[in-house]
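Enquirer: Next up is a structure, given as structure tokens.
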Amino acid sequence: MNSREAIKLSLDMGDMVGLMYLEDMTDEELMQRPDPACNHINWQIGHLISSEHQVIEGVAPGSMPALPEGFAERYTPETSKSDDASAFDSKETLLALHRQMRAATLAALEKQTDESLDAETPESMRGYAPNVGAAFNLHGNHWLMHAGQWAVLRRKLGRPPLF
């Protein structure tokens, strides 16, 4: 196994767990917060999409399709406080956009070499992704981190554990 294949496994695991947790949740449920101090799930998904777009575009310029107009502005730390469902995208829109971004991430990953994965990231990323390989790898883990909150909300909603 090479490094690109290992990173793809991480991305695939984040997708498998995250998407299974979201599969049977409704748009209304995605607006709920696992705890009052947490962000609602809809915002978290938008945040994950925006983050992936920003980071991968930062290490592989020109590789990511543009986000829809106004998307990044709907999913900022400031908007995370809003419970107005009309200010956010539907589950269907979010998941379609996630699939589009993830396909672009995987295509960009496939073009990397061991040497390019070892290259330093832009200065602004080095605190959380010191090299290009880490920048790609973090997105599977990022989904898993947020999925932990989704598991709590699922239990709160009376759903059995999936794993």
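Throughout, read-outs are computed from the coordinates displayed, never taken from laboratory work. None of the values given here were measured: they were computed from a predicted structure. Every residue, glycine as well, gets a Cβ built from its backbone with ideal geometry; the counts of neighbours run over all protein chains shown.
Enquirer: I need a count of the residues in segment 10-47 that are in contact with a Gly (Cβ under 8 Å, 6 or more places away or on another chain) and of a type outside the set (D, E, K, R). Give the derivation first.
Expert: We begin by selecting, within segment 10-47, every residue in contact with a Gly (Cβ under 8 Å, 6 or more places away or on another chain); these are 10-15.
From the residues that got through so far, the ones that are of a type outside the set (D, E, K, R) too are 10-11, 13-14.
The total comes to 4.
Enquirer: If a residue must be within 13 Å of Pro34 (Cα to Cα) and of a type in the set (A, V, I, L, M, F, W, C), how many such residues does segment 129-163 contain? Quick ask: steps written out before the conclusion?
Expert: Initial filter on segment 129-163 (within 13 Å of Pro34 (Cα to Cα)): 146-158.
Then drop every residue that is not of a type in the set (A, V, I, L, M, F, W, C), which leaves 147, 150-153, 157.
Total meeting the criteria: 6.
Enquirer: Those residues that are within 24 Å of Asp12 (Cβ to Cβ) and exposed (fewer than 13 other Cβ atoms within 10 Å of the Cβ), I need them from segment 63-98; list them, please.
Expert: Pro65, Glu92, Ala96
Enquirer: Kindly indicate whether Ala103 is exposed (fewer than 13 other Cβ atoms within 10 Å of the Cβ) and within 14 Å of the chain's Cα centre (by Cα). Don't jump to the end; show me each part of the working.
Expert: Working: exposed (fewer than 13 other Cβ atoms within 10 Å of the Cβ): yes; within 14 Å of the chain's Cα centre (by Cα): yes.
Yes; evaluated as a whole, the condition is true for this residue.
Enquirer: Within segment 32-48, track down each residue that is crowded, with 18+ Cβ neighbours inside 10 Å, outside any helix (DSSP H, G or I) and out of contact with any Leu (no Cβ under 9 Å at 6 or more places or on another chain).
Expert: Asn39
Enquirer: Of all residues in segment 1-21, how many are assigned to a helix (DSSP H, G or I) and over 13 Å from the mean Cα position of the chain (by Cα)? Working first, answer last.
Expert: Narrowing segment 1-21 to residues assigned to a helix (DSSP H, G or I): 3-21.
Filter once more, so that each one left must be over 13 Å from the mean Cα position of the chain (by Cα): 3-9, 20-21.
Counting residues in segment 1-21 that are assigned to a helix (DSSP H, G or I) and over 13 Å from the mean Cα position of the chain (by Cα) gives 9.
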